[in-house]
Amino acid sequence: MGTVVTSSVDAPSPQDFSEMFNLVGGYRISQAIYVVVELGIPDLLAAGPRGCDELARKTNTHAQTLFRILRFLTGAGLFNELGPREFELTRLGSTLRSDLPSSFHPGVRFVLSEFEWTPWGRLIHSVRTGETAFDHVHGMGPFEYFRKNAEVSAVFNSAMTSLSARSGTGIVERYDFSGLRKVVDVGGGHGFLLATILRANPTMRGVLFDLPDVVAGAGQVLENFAVRDRCEVVGGSFFDALPKGGDAYVLRQIVHDWDDDRALAILRNCRAAMSTTGKVLVIERQIVPDHREAIRVLHMDLEMLVNVGGMERTDAEYRSLFEKAGFQLTTIVPLMDAGGFSVFEGVST
């Protein structure tokens, strides 16, 4: 006779199986969202309800198939069906409108596009080897891939700018920048974050630092915020020497892109660029002890595993990195923003 295995876990209920069905099928919702974003459906519905046949004509798609996608996403809460085959955008669905500065539109186009999506099908490669699936699939890392694909790079930079916009003014409302005369935004992209900080601190000067082809696209953002005259734009790599003389060096969603060795190299470059005293402000999500509470951050941790090679970290892990780089972690300031970010403040030692 076979061995009878006993378990301390209760037998799964029908509700458990239903929840598991939704978890396993989550990829269907993701890809359906990508389709409606690529077709511009949220923008077409921004002014009011439209019939499915009209939407199909405007998007050059098959009407019955489009209806099935819209019906499915109505079940997911993105649309309402007001009458037979007539749909309107919900408040949740409106997060996908491209005309909103904080829109999820560029983020969807980035994370669900084929180049980013395909590596997820090789997640088991990462688990078996510890390597990123992106490199395995594409033969190069994501940042090299961006440099070789200008269109993809543009989508990535747009996604990062919209993410900064979703964080809104939390950074200047929650963190005290008083006493800081010069702030260097390391890996600052098109400058949305730095512009937000400078506009709220009219006597401060800033330096926007990122790869030359990235900061080349910052002019319009700095002009829109009316801070261009107080912001120096410098091209370079944060693995090389950084602009010197900053009172604070800001790194938003930079450290999580890298393993400990590379993250430590960036932080040490910040320390070397400072005068005797200075601060580093690392803006990242933190992994809290309750893994269910941390699920949103753990989503991003797996994204780092599959496509980038970095990781999200706990408070203790950031404290250890700071100490090795010559900083003391003095405070952690939750920004209470839509992105769930905190400022990890390190003071030079």
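The values are calculated or read from the model by the stated rules, or taken from the named source; none is laboratory data. None of the values given here were measured: they were computed from a predicted structure. Here the Cβ positions follow ideal geometry from the backbone for every residue, glycine too, while neighbour counts run over all protein chains shown. Please note that ligands, DNA and RNA were not included when accessible areas were found on the heavy atoms of the full protein model with its side chains. Shrake-Rupley method; radii C 1.70, N 1.55, O 1.52, S 1.80 Å.
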Complete set of residues in segment 210-240 that are closer than 15 Å to Leu198 by Cα and open to solvent by less than 80 Å² (accessible area, probe 1.4 Å)
Ala218, Gly219, Val221, Leu222, Phe225, Ala226, Val227, Arg230, Cys231, Val233
Condition test on Ala46, is it surrounded by 10 or more Cβ atoms within 10 Å (Cβ to Cβ) and in contact (Cβ under 8 Å) with a residue 24 or more places away in the chain?
yes
Filter result (of a type outside the set (D, E, K, R) and open to solvent by 60 Å² or more (accessible area, probe 1.4 Å)) within segment 101-110
Pro101, Phe104
Residues that are in contact with a strand residue (DSSP E or B) (Cβ under 8 Å, 6 or more places away or on another chain), under 19 Å from Leu92 (Cα atoms) and not charged (D, E, K, R), drawn from segment 24-67
Pro42, Leu44, Leu45, Ala46, Gly48, Pro49
Determine which member of the set Lys279, Lys244 is modelled with pLDDT of 95 or more, of a type in the set (Lys, Arg) and in contact with a strand residue (DSSP E or B) (Cβ under 6 Å, 6 or more places away or on another chain).
Lys279
Given (1) open to solvent by 50 Å² or more (accessible area, probe 1.4 Å); (2) more than 18 Å from Ala338 (Cβ to Cβ); (3) within 18 Å of the chain's Cα centre (by Cα), Arg166 misses just (2)
If you go through Arg122, Arg85, the only one that is charged (D, E, K, R) and either over 30 Å from Ser164 (Cα atoms) or buried (at least 19 other Cβ atoms within 10 Å of the Cβ) (or both) is Arg85
